[in-house]
Amino acid sequence: MSASKNSILHKSRELFERFGYQKTTLTDIAKSVGKVKTAIYYYFSGKEEIFAELVEVEAEEFLNNLIQEVEKEKNPQKKLISYVNTRVDLMEKIAKRYSFLKSEFFELMPIVEANRLKADEREVQFVSSILSSKEIQDEFNISKPEFTAKLLMQNLKGLEVQMYVTDQAAAHQENREAFVDFIIYGALKK
């Protein structure tokens with residue numbers, strides 16, 4: 001990615017965080033990087049494309065951080081616990097950073113979902129590999145690890161709506177252990 005394009009994304013994220021998506025204009029973005037509005041069109045077709053690429057970049061960073069943290073565990077069951085805990089923690093951080101989504105959530109969610117598909121697919125594969133491990137299979141006999149991984153991820157993604165729209169999450173630290181037990185062991189039956 002070119003330095004100019006990266007700068008546009010970085011400054012756009014700052015403006016979106018500060019003023020929200022709707023109130024941030026392409027002119028604002030151009031001024032923040034010391035360019036005129038027409039120069040932005042060399043890199044992006046408009047504000048929506050900037051936001052879409054920002055979502056894609058953030059989704060990849062999110063996933064890389066998630067995998068890196070989960071891989072610290074050696075035991076597959078502990079990896080699953082780390083997966084749930086880490087994913088919720090990362091979602092909470094992003095929800096705080098992108099507080100503007102509260103008022104624009106339902107308008108922007110289709111853009112968000114469409115631009116994190118690749119990261120979501122990689123996440124499902126990652127969780128599926130954990131669920132396919134011999135240790136998990138011996139104890140829980142999961143017949144469809146990929147489908148189970150997708151359900152697990154979708155359940156956790158369901159918290160995002162609550163986090164982005166209401167500032168509340170059912171999985172705060174004081175309730176986290178019970179939440180993790182429910183998410184993992186409610187999905188994995190002997």
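The values are calculated or read from the model by the stated rules, or taken from the named source; none is laboratory data. Here the structure is a predicted model, which means the values were calculated and not measured. For neighbour counting, all protein chains shown are included, and Cβ atoms are generated from backbone atoms with ideal geometry for every residue, glycine included.
Being part of a helix (DSSP H, G or I), surrounded by fewer than 20 Cβ atoms within 10 Å (Cβ to Cβ) and without any contact (Cβ under 8 Å) to a residue 24 or more places away in the chain narrows it down to one residue among Glu139, Glu135, Glu121; which is it?
Details: Glu139 fails: without any contact (Cβ under 8 Å) to a residue 24 or more places away in the chain; Glu135 fails: without any contact (Cβ under 8 Å) to a residue 24 or more places away in the chain.
Going through Glu139, Glu135, Glu121 in turn, the sole match is Glu121.
Regarding Leu101, is this residue in the same structural domain as Val127 (by TED's automatic domain parsing), within 18 Å of the chain's Cα centre (by Cα) and at pLDDT 95 or above?
Values: in the same structural domain as Val127 (by TED's automatic domain parsing): yes; within 18 Å of the chain's Cα centre (by Cα): yes; at pLDDT 95 or above: no.
In short, no.
Is there a residue being surrounded by fewer than 17 Cβ atoms within 10 Å (Cβ to Cβ), without any contact (Cβ under 8 Å) to a residue 24 or more places away in the chain, assigned by TED's automatic domain parsing to the domain that holds Ile111 and of a type outside the set (Ser, Thr, Tyr) anywhere in region 50-67?
Yes, there is a match, as at least one residue in region 50-67 is surrounded by fewer than 17 Cβ atoms within 10 Å (Cβ to Cβ), without any contact (Cβ under 8 Å) to a residue 24 or more places away in the chain, assigned by TED's automatic domain parsing to the domain that holds Ile111 and of a type outside the set (Ser, Thr, Tyr).
Looking at Ala39, Ala95 in this structure, which one is part of a helix (DSSP H, G or I) and either among the charged types (D, E, K, R) or touching a residue at least 12 places away in the same chain (Cβ under 8 Å) (or both)?
On the way: Ala39 fails: either among the charged types (D, E, K, R) or touching a residue at least 12 places away in the same chain (Cβ under 8 Å) (or both).
So the residue among Ala39, Ala95 that is part of a helix (DSSP H, G or I) and either among the charged types (D, E, K, R) or touching a residue at least 12 places away in the same chain (Cβ under 8 Å) (or both) is Ala95.
State which residue is nearest to Phe100 (Cα to Cα) when the search covers only region 1-17 and only residues that are surrounded by fewer than 18 Cβ atoms within 10 Å (Cβ to Cβ) and either free of Cβ contacts under 8 Å to residues at least 40 places away in the same chain or in contact with a Gly (Cβ under 9 Å, 6 or more places away or on another chain) (or both).
Filtering region 1-17 for residues that are surrounded by fewer than 18 Cβ atoms within 10 Å (Cβ to Cβ) and either free of Cβ contacts under 8 Å to residues at least 40 places away in the same chain or in contact with a Gly (Cβ under 9 Å, 6 or more places away or on another chain) (or both), the one nearest to Phe100 (Cα to Cα) comes out as Glu14.
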